[in-house]
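First the structure, in the form of structure tokens, and then the observations on it.
The values are calculated or read from the model by the stated rules, or taken from the named source; none is laboratory data. These figures come from a predicted structure and were not determined experimentally. Every residue, glycine among them, receives a Cβ derived from its backbone with ideal geometry; neighbour counts consider all protein chains shown.
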């Protein structure tokens with residue numbers, strides 16, 4: 001496989017997405033709605049900016065003491081009767097989950113939302129072991145039935161229309177043909193999932209926050225699906241990235257206030273569950289997963305990305321994400337945050353993602369932990385260039401532009417030539433497949449004179 | 001060992017020690033915590049009812065939960081017909097219609113109530129029941145999540161949850177639907 005094929009072609013995938021204009025508008029509005037709710041949910045909180053600053057500072061402290069916090073967490077959790085495991089990568093994680101399930105002869109696992117297990121491709125692994133995996137968040141269940149990945153980290157099925165869900169449920173759950181009322185479809189899913197909760201032998205959740213001080217983990221849901229699974233099953237497993245640590249329980253005050261407001265504008269998720277100890281006669285496991293995060297920690301300019309609490313506000317605010325869809329990024333976490341996390345894990349594969357942005361900065365403005373997202377996007381572009389990973393269509397014009405801009409006289413002369421040339425040049429010379437800039441937009445009318453000449457005429461005289 | 005290699009990589013790569021910021025933030029200023037609690041709970045589709053407005057509790061429950069046959073209660077003021085001390089398997093609660101439980105803590109800024117396995121030993125109870133009533137003393141409402149966590153001792157419990165309303169989802173075209181996987185309705189009974 002050559003390198004070019006290995007990298008995600010965001011622009012190409014986005015072009016396919018926007019070919020359906022009506023659906024693109026619908027998708028844009030669906031995502032914008034989340035952003036509008038976020039704005040309404042944060043507007044009357046006077047201390048909002050103070051909270052963001054504190055969250056960012058707490059996460060700074062976490063990253064600079066991550067090793068000792070993780071050890072403290074392990075010690076407390078172990079004292080609570082929890083079995084703690086460490087996984088260096090996705091394979092390691094999946095193997096540990098598989099071993100726990102095999103030991104307990106688990107035939108069916110109920111799972112609540114976890115971007116980490118998406119990252120590790122856990123479902124696929126367990127299915128090859130003959131274990132049934134049921135995603136229990138409604139959106140996740142929908143995409144699981146469609147054999148798709150989430151297109152958004154908070155609203156995984158936001159790209160699917162209710163008529164499509166209706167058709168899917170008609171096929172899989174035998175709902176009435178043509179029915180697309182969300183209330184009716186949700187009730188059908190409730191009945192279906194209740195039978196799965198009752199039949200499951202083990203439950204697995206992601207982790208929103210892990211408290212070093214108490215050794216417990218916190219999971220936030222609106223549906224209550226994490227708790228339905230965890231409390232019904234004798235075995236509970238919680239998979240967390242190493243960066244999910246908060247130092248003390250009082251720091252949860254900051255993060256629980258920020259998370260749901262940033263995600264959907266709710267003051268808090270309906271359920272904020274704190275799992276500290278196993279239930280009577282039950283087993284509780286926590287798997288601490290690295291999978292490249294400790295390496296990312298060493299990248300000074302980019303380590304702030306590890307502060308992310310996965311609220312999705314950056315993608316809801318991104319004009320590119322809203323009109324290109326989650327799948328155009330080809331990564332587990334899409335949108336602006338995905339575009340600064342993924343190049344650190346695999347630069348060749350994700351080198352195009354830092355360019356999937358207008359650098360407008362809306363993402364950084366809304367980030368609840370103040371990650372400098374658009375600045376990191378810009379910094380990644382420089383690295384992609386330095387590593388020689390830019391495609392020729394970008395690197396050649398940049399090299400030429402660099403040479404021209406470094407020579408003022410050459411720049412003046414070329415400017416003069418282009419101002420007259422653009423008037424008579426046939427259109428196919430500028431508007432062709434080698435010039436992506438003119439795809440979907442026109443060149444401006446050339447001005448009569450250069451800005452330099454205009455300035456000399458109009459301002460210097462005064 | 002994965003553990004040692006992960007910790008070593010972190011030690012090699014982590015930034016210099018950065019101190020924790022001081023907490024808490026802006027001091028509480030709310031004078032009517034109950035009114036704020038009520039308003040925010042209703043936004044999350046909870047129902048808030050003052051005990052003083054209920055002359056006869058059994059009659060009120062009969063009227064408001066007419067279709068509920070299996071009822072359990074951990075509150076001394078009301079006894080249901082399902083006894084929790086006889087329940088060993090959580091699956092046995094799958095046909096429960098109504099649960100009445102007490103909460104030691106409510107949060108004004110979001111209408112959430114705290115329930116832990118201190119109050120309710122059967123952890124599944126507030127989730128598996130079709131309908132939930134939470135009894136909360138008005139004196140136990142605090143301003144915000146900072147005050148809430150200050151008053152909790154997480155290390156002393158096995159499980160605890162903030163519940164801010166009935167189970168809900170907006171996963172199908174962002175239409176809000178109440179009654180996803182957990183309880184279909186959530187009522188807070190205010191005492192005191």
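The sole residue among A:337, A:288 that is under 18 Å from residue A:208 (Cβ atoms) and more than 10 Å from every other protein chain (Cβ to nearest Cβ) is A:337.
Could you tell me which residue of the stretch A:28-58 is surrounded by the fewest Cβ atoms within 10 Å (Cβ to Cβ), considering only residues that are facing chain B (nearest Cβ under 8 Å) and not in a helix (DSSP H, G or I)? Restricting to residues being facing chain B (nearest Cβ under 8 Å) and not in a helix (DSSP H, G or I), the top hit is A:46. Residue B:37 passes every criterion in (1) out of contact with any helix residue (DSSP H, G or I) (no Cβ under 9 Å at 6 or more places or on another chain); (2) more than 10 Å from chain A (Cβ to nearest Cβ); (3) part of a helix (DSSP H, G or I); (4) modelled with pLDDT of 95 or more apart from (1). Flag set for residue A:287, criterion: at pLDDT 95 or above, farther than 30 Å from residue A:42 by Cα and within 22 Å of the chain's Cα centre (by Cα).
Determine which member of the set A:270, A:337 is over 18 Å from residue A:70 (Cβ atoms) and in the same structural domain as residue A:357 (by TED's automatic domain parsing). Let's see the steps before the verdict.
Details: A:270 fails: in the same structural domain as residue A:357 (by TED's automatic domain parsing).
Just one listed residue meets the conditions, A:337.
Residue A:224 - would you say it is facing chain B (nearest Cβ under 9 Å) and either within 17 Å of residue B:167 (Cα to Cα) or in contact with a helix residue (DSSP H, G or I) (Cβ under 9 Å, 6 or more places away or on another chain) (or both)? Spelling it out, residue A:224 is indeed facing chain B (nearest Cβ under 9 Å) and either within 17 Å of residue B:167 (Cα to Cα) or in contact with a helix residue (DSSP H, G or I) (Cβ under 9 Å, 6 or more places away or on another chain) (or both). The number of residues in the stretch A:129-188 being assigned to a loop (DSSP other than H, G, I, E, B) and either at the interface with another protein chain (Cβ under 9 Å from one of its Cβ atoms) or touching a strand residue (DSSP E or B) at 6+ places or on another chain (Cβ under 7 Å) (or both) comes to 11.
If a residue has to be in a loop (DSSP other than H, G, I, E, B) and touching a helix residue (DSSP H, G or I) at 6+ places or on another chain (Cβ under 9 Å) to count, how many in the stretch A:290-311 make the cut?
Step one: of the stretch A:290-311, the residues in a loop (DSSP other than H, G, I, E, B) are A:290-292, A:298-302, A:308-311.
Filter again for touching a helix residue (DSSP H, G or I) at 6+ places or on another chain (Cβ under 9 Å), leaving A:290-292, A:298-299, A:301-302, A:308-311.
Looking only at that region, the number is 11.
Among the criteria (1) more than 18 Å from residue A:314 (Cβ to Cβ); (2) out of contact with any helix residue (DSSP H, G or I) (no Cβ under 7 Å at 6 or more places or on another chain), the one residue A:49 does not fulfil is (1).
Evaluation of residue A:113 against the conditions (1) within 21 Å of residue A:34 (Cβ to Cβ); (2) at pLDDT 95 or above; (3) buried (at least 19 other Cβ atoms within 10 Å of the Cβ); (4) out of contact with any strand residue (DSSP E or B) (no Cβ under 6 Å at 6 or more places or on another chain) shows that the sole unmet condition is (2).
Considering only residues in the stretch A:238-284 that are more than 24 Å from the chain's Cα centre (by Cα) and more than 7 Å from every other protein chain (Cβ to nearest Cβ), the one that is farthest from residue A:81 (Cα to Cα) turns out to be A:248.
If you filter the stretch A:295-318 down to residues that are within 8 Å of another protein chain (Cβ to nearest Cβ) and touching a residue at least 60 places away in the same chain (Cβ under 8 Å), you find that the one that is surrounded by the most Cβ atoms within 10 Å (Cβ to Cβ) is A:297.
Restricting the stretch B:40-70 to residues that are assigned to a strand (DSSP E or B) and more than 27 Å from residue B:95 (Cβ to Cβ) leaves a set whose member that is nearest to the chain's Cα centre (by Cα) is B:48.
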